[in-house]
Amino acid sequence: LTNDWRSRTISHQLIHYNPNLIQGIRFQTNTHSSAHKVIGLGVDTIWDAPSDTWHYNAIHFATYINGSNVKVYESDPTLGVSSSNPSVNQGTLSTTSTADDIFEIRVIGYTVEYVKNGEVYYTSTNNAIFPLYVKACIYSDGFKNIELFKDRYPLRRVELDENHSVNVKIDNTR
């Protein structure tokens with residue numbers, strides 16, 4: 001690794017719009033106290049602006065992990081990668097990272113969710129634009145067990161009605 005954001009990669013597999021599936025990436029992080037790394041979904045294959053400073057700005061829906069701190073960085077996917085569309089830090093979220101945690105960035109229809117150990121900790125205010133590419137940019141350390149999933153059906157939610165009958169509903173909100 002170069003310790004300057006030049007370690008980057010992009011997937012060849014794409015995520016296409018499908019309102020009936022949960023699609024996205026699942027990953028874990030290698031733990032290092034001062035590691036900086038970003039992974040997420042981008043709407044194009046572009047990395048570099050003319051000044052070669054766009055590093056994680058080229059990832060439109062991104063999880064930024066710095067040591068044990070987890071942040072969400074996002075830019076407007078309708079604008080692509082450009083100097084007028086920098087990533088915005090959505091704030092350090094109330095979650096941290098350990099080597100055992102399993103993170104996801106997933107898309108259901110146009111909704112993008114950020115998940116840690118099965119729990120949504122942030123839902124994007126930007127709609128996804130398709131197709132989406134998996135992109136990663138690493139300053140130091142890295143990720144492990146990265147998995148692109150494109151075939152999970154929405155979660156089934158079991159509810160009891162007033163007569164204690166079981167109703168199974170498809171939950172497209174998660």
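The values are calculated or read from the model by the stated rules, or taken from the named source; none is laboratory data. Just so it is clear, the structure is predicted and the values come from calculations on it, not from any experiment. Backbone-built Cβ (ideal geometry, glycine too); neighbour counts: all protein chains shown. These accessible areas exclude ligands, DNA and RNA; they are computed on the full protein's heavy atoms, side chains included. Shrake-Rupley method; radii C 1.70, N 1.55, O 1.52, S 1.80 Å.
Quick grid of which residues meet (1) touching a strand residue (DSSP E or B) at 6+ places or on another chain (Cβ under 6 Å); (2) at pLDDT 80 or above; (3) within 20 Å of N30 (Cα to Cα):
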| position | (1), (2), (3) |
| --- | --- |
| N85 | no, no, no |
| S94 | no, no, yes |
| Y110 | no, yes, no |
| K135 | yes, yes, yes |
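Return a yes/no flag: does the range 20-37 have any residue that is surrounded by fewer than 14 Cβ atoms within 10 Å (Cβ to Cβ), at pLDDT below 70 and of a type in the set (G, A, S).
Looking through the range 20-37, at least one residue is surrounded by fewer than 14 Cβ atoms within 10 Å (Cβ to Cβ), at pLDDT below 70 and of a type in the set (G, A, S).
Tell me which residues, restricted to the range 114-137, are open to solvent by 40 Å² or more (accessible area, probe 1.4 Å), touching a helix residue (DSSP H, G or I) at 6+ places or on another chain (Cβ under 6 Å) and closer than 17 Å to W47 by Cα.
Those that are open to solvent by 40 Å² or more (accessible area, probe 1.4 Å), touching a helix residue (DSSP H, G or I) at 6+ places or on another chain (Cβ under 6 Å) and closer than 17 Å to W47 by Cα: none in the range 114-137.
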